[in-house]
Amino acid sequence: MYKLFIDGAFVRSESARSQPLANATESGGNIARASRKDVRDAVLAARRAQPKWWKTAPATRGLVLYRLAEMLEARKAEFAELLTDARQIDAAIDRTLWYAGWCDKYNALLSARNPVGGPHLNFSTAEPAGVVALLAPDDPPLLALVSTLLPPIVAGNSLVAVASEKDARSAIVFAEAVATSDMPAGVVNILTGNRSELAPVLAKHMDVNTIALEPLEEFAQLQAFAAENLKRTRILPKRDPRDWYSGDAQSLNDIAAYCEIKTIWHPAGI
C-alpha cells in the first residue's frame, strides 16, 4: 500500500483507511486515504519546518533542489513503469533544475529600492507567505505536481499537497525522492485520498496561509472558506495536459505568487 508522506516519514492514515488506486494494474493496489487528522498533522509539520527553511541560505535551498533532481533521475526506471507518458520524468527533472537555479536570484528581481521624499531609504523585499496548501492538478500527474509544488518551495514556503486522484502513485514515488534528498522534514508533505474530503479542511485551517487550486466545480465554496480566515487563494491555470511540457508552465511569476512584498524604511546616512 502507498502511504502518506508527512514530516519526512511515510505513515498510514490515522484512520487506518485505504482505497483502491484509480488506475491500478496490479492486484490489490491501494493508497492511504488521508483523514482530517492527517491534514492537521501535515499542516503542523509544515508550520514547524517553514521558518527554518526560509532562514536557509538561498544558494543552499538551490542545492537541495539540485539534489532532488538527482534523486528523480535515479528513479527514472521506476517512474517509467508508472507513467503512461514517459516524457513526464525528463520534463520533471528539467523543471526541478530550472527552479533550483532561481533560489538565489528571484528575490533580487522581486525586490526594489523605492524613491521617497525625505531623509529615508525605502526598500521592498519578497518574503514567503508561510504554509501553502496545494490541490495538485490531475493530469499529467507527475509533471503537474512538480510544476505547481516547486514555486512555493523556492520562495521559502512549506507545503501540504493533495495528490492527483487520477494517479497518486507517481506523487508517492516523488515523495520517496524528496525523502532521500536533503529536503528538511516537513517542508514537503504529500497526502492521498479524496480531494472533496480534504480540500475543505485545508481551506478552513487557520494555520494555512495560501491555498492553490484549479478553478474546479467546488472552487467558489473553497474560496469562501479561505476568505473566512483571510487566506490567500492562488488560482492555478487550467491547462491542457500537453501544455505542462511547454516553457510557459514555468515562470518567475509563479514564484512571486507565493511571496509577500514587505516594505522596509531606514534613515538615510545611518
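The values are calculated or read from the model by the stated rules, or taken from the named source; none is laboratory data. Note that the coordinates shown come from a computational prediction; the quantities given were computed from them, not determined experimentally. Note: ideal-geometry Cβ built from the backbone for every residue, glycine included; neighbour counts use all protein chains shown. These area figures cover heavy atoms from the full protein model, side chains too; ligands, DNA and RNA do not enter into them. Shrake-Rupley method; radii C 1.70, N 1.55, O 1.52, S 1.80 Å.
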Name the residue that is nearest to the chain's Cα centre (by Cα), counting only residues in the range 87-116 that are within 21 Å of Leu63 (Cβ to Cβ), assigned to a helix (DSSP H, G or I) and charged (D, E, K, R). Arg95
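Residues Trp265, Trp244: which one is of a type in the set (Phe, Trp, Tyr) and more than 18 Å from Leu150 (Cβ to Cβ)?
Trp265 is the lone residue from the list that is of a type in the set (Phe, Trp, Tyr) and more than 18 Å from Leu150 (Cβ to Cβ).
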Restricting to the range 117-138, name every residue that is within 16 Å of the chain's Cα centre (by Cα) and touching a residue at least 60 places away in the same chain (Cβ under 8 Å). Pro128, Ala129, Gly130, Val131, Val132, Ala133, Leu134, Leu135, Pro137
Subset of the range 237-270, residues in a strand (DSSP E or B) and open to solvent by less than 50 Å² (accessible area, probe 1.4 Å), comes to Cys259
Residues that are under 30 Å from Arg242 (Cα atoms), hydrophobic (A, V, I, L, M, F, W, C) and either touching a strand residue (DSSP E or B) at 6+ places or on another chain (Cβ under 6 Å) or surrounded by 15 or more Cβ atoms within 10 Å (Cβ to Cβ) (or both), drawn from the range 42-85: Leu63, Val64, Leu65, Leu68, Ala69, Met71, Leu72, Phe79, Leu82, Leu83
So Cys103 clears everything in (1) free of Cβ contacts under 8 Å to residues at least 24 places away in the same chain; (2) touching a Gly at 6+ places or on another chain (Cβ under 7 Å); (3) among the hydrophobic types (A, V, I, L, M, F, W, C) except one condition, right? Which one? (1)
Limited to the range 217-236, what total is found for residues that are more than 15 Å from the chain's Cα centre (by Cα) and in a loop (DSSP other than H, G, I, E, B)? 5
Cross-chain or 6+ apart pairs with Cβ under 7 Å, the range 150-165 first and under 22 Å from Val201 (Cα atoms), then among the aromatic types (Phe, Trp, Tyr): Pro152/Tyr258; Asn157/Tyr258; Ser158/Trp53
Of (1) closer than 28 Å to Asp248 by Cβ; (2) more than 15 Å from the chain's Cα centre (by Cα); (3) touching a residue at least 60 places away in the same chain (Cβ under 8 Å), Trp53 satisfies all except one. Which? (2)
